[in-house]
Amino acid sequence: MTWTTLSNASRALKLPRRLASFLLASILAVPALAQPATGVYAIQGAKIYTLAGPSIDGGTVIIRDGKISAVGAHIEIPADAQMIDAKGLEVYPGLFDPVTQLGLTEVGQVIATVDVNELGEFNPELVAATAVNPASAHIPVTRASGITHVVAAPGAPGFELSGGGVISGQASAFNLSGWTMEEMQIQRSVAMVINWPSIQTRSFDFASFGFKEKPYADAKKEYDKFVNDLSDLLDRARHYAQAKEKGSPALYERDLRLEALIPVVEGKLPAMVVAGKARDIRNAVDFCAKQNLKMILADGSEAWKVKDLLKEKKIPVILGPTEQLPEEEDDPYDKPMSQPAELNAAGIPIAFSSFGTAFSRRLSQYAGTAVAYGLPHDEALKAVTLNAARMLGLGDRLGTLEPGKIANLIVTTGDPLEIRTQVRYIFINGQLTSTANRHRDLYEQYRKRPESAH
């Protein structure tokens, strides 16, 4: 569209010239990659790590209509393919951060940009996808680090924001590219987030900026109430499901909270239980076993203390950042870094996550640090790609480079777990996607500043 065309249109519609100028600027600002010339790509000459078998030297990946159509060493290139010369580069599945608040929070200290919690203790009907902001400045920064898709979890206690409520809502999986949430969405609901209550006898008082103590009996009574209320809600959801199955509206009054819990109590939707302390993990595991819930442990700071129980119950763990202090003062200083290797050796499936927004871009570093502390490299790669996809029921669509899977992949200068590695190309949902982002813009801006400004 030209200025003349828009000018004529503005006169016909009686638009002010300033508004016409704004519309033209907006149209011209649309990235060229938003409307690619072809939906077929051929990435040629790279070393390909499919994570579904041995690596392929000098291989080719064919992408068509958003899916991987072929992977191998001797692949016929389609005549309509857009060629990507990847000689000397490496191809991996896109990285996956399975517990974030991307799109739900922009600036932590500006409450108007934070939408992670809701009033009340039980909000199973809330879905993260309805609140995600596709235009968040954090999204381009995150995907430039090789992360192609994430899960936004409402209210999940993280390392940037504290969560709220016992059931904070449903976590949503989405790609990190697109104009709208409908376009970005992979699966609207992948897990029900349950923030397991803890027996807290000590809390911080903002009025006095000091700690205040609570009798254990009172703390235990408060904890029991939360657990009993949760148990009662799940039982009501089962009765509601039975009444609804009979199909008579007279037998039940529609309840959105109970309706949202039906897939959970039926074992179709996993419960992502956020717990860190060993006692809380044991209590959560026992509760989920009695309620027959499909449990995923999120956080698991002290999972190493209950690894035998987790292995016995076949409960996977989504771990937080490895680069942090241990949970207790008496724990080994390097326990967060060595725990992944310990859990993996015990046969417990693990995945890494940021549990936040700003530091989702460091996901590969968390895995790389775990490798330095004993986690096998191949397992670390799976822990940021395939494992979380399997835990959340997305393993048939994501996590490996195989025909038929969503074409979320990265082309890098080397091992993505190495901090010096750069992402040269990134494909999301089969589209070549820009790696431009706010961090890079600032880097270029200040790199070019004149000497007089130093």
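The values are calculated or read from the model by the stated rules, or taken from the named source; none is laboratory data. Just so it is clear, the structure is predicted and the values come from calculations on it, not from any experiment. All Cβ positions, even for glycine, are placed from backbone atoms using ideal geometry, and neighbour counts span all protein chains on display. Heavy atoms of the whole protein, side chains included, go into the accessibility calculation; ligands, DNA and RNA do not. Shrake-Rupley method; radii C 1.70, N 1.55, O 1.52, S 1.80 Å.
The helices (runs of 4 or more DSSP H) falling completely within segment 360-426 that include 3 or more residues that are touching a Ser or Thr at 6+ places or on another chain (Cβ under 8 Å) and at pLDDT 95 or above map to 363-372. Pick from segment 184-207 the residues that are modelled with pLDDT under 90 and among the aliphatic types (A, V, I, L, M): which of them is least open to solvent (accessible area, probe 1.4 Å)? My answer is 199.
Yes or no, residue by residue, for (1) in contact (Cβ under 8 Å) with a residue 40 or more places away in the chain; (2) among the β-branched types (Val, Ile, Thr); (3) open to solvent by 50 Å² or more (accessible area, probe 1.4 Å):
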| position | (1), (2), (3) |
| --- | --- |
| 241 | no, no, no |
| 253 | no, no, yes |
| 257 | yes, no, yes |
| 272 | yes, no, no |
| 285 | no, yes, no |
| 289 | no, no, yes |
| 299 | yes, no, no |
| 306 | no, yes, no |
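Looking at 165, 155, which one is in the same structural domain as residue 193 (by TED's automatic domain parsing), part of a loop (DSSP other than H, G, I, E, B) and either at pLDDT 95 or above or open to solvent by 10 Å² or more (accessible area, probe 1.4 Å) (or both)? Quick ask: steps written out before the conclusion?
On the way: 155 fails: either at pLDDT 95 or above or open to solvent by 10 Å² or more (accessible area, probe 1.4 Å) (or both).
Criteria check complete, one pass: 165.
Quick check on segment 208-228. Is at least one of its residues surrounded by fewer than 17 Cβ atoms within 10 Å (Cβ to Cβ) and within 28 Å of residue 348 (Cα to Cα)? Yes, there is a match, as at least one residue in segment 208-228 is surrounded by fewer than 17 Cβ atoms within 10 Å (Cβ to Cβ) and within 28 Å of residue 348 (Cα to Cα). Selection of first residues in segment 196-212 that are over 21 Å from residue 167 (Cα atoms) and part of a loop (DSSP other than H, G, I, E, B) and of second residues that are of a type in the set (Ser, Thr, Tyr) and open to solvent by 50 Å² or more (accessible area, probe 1.4 Å), restricted to Cβ pairs under 8 Å at least 6 apart or on distinct chains, gives the following pairs, ordered by first then second residue: 201/216.
Taken together, 432, 417 contain a single residue that is without any contact (Cβ under 8 Å) to a residue 60 or more places away in the chain and open to solvent by less than 60 Å² (accessible area, probe 1.4 Å), which is 417.
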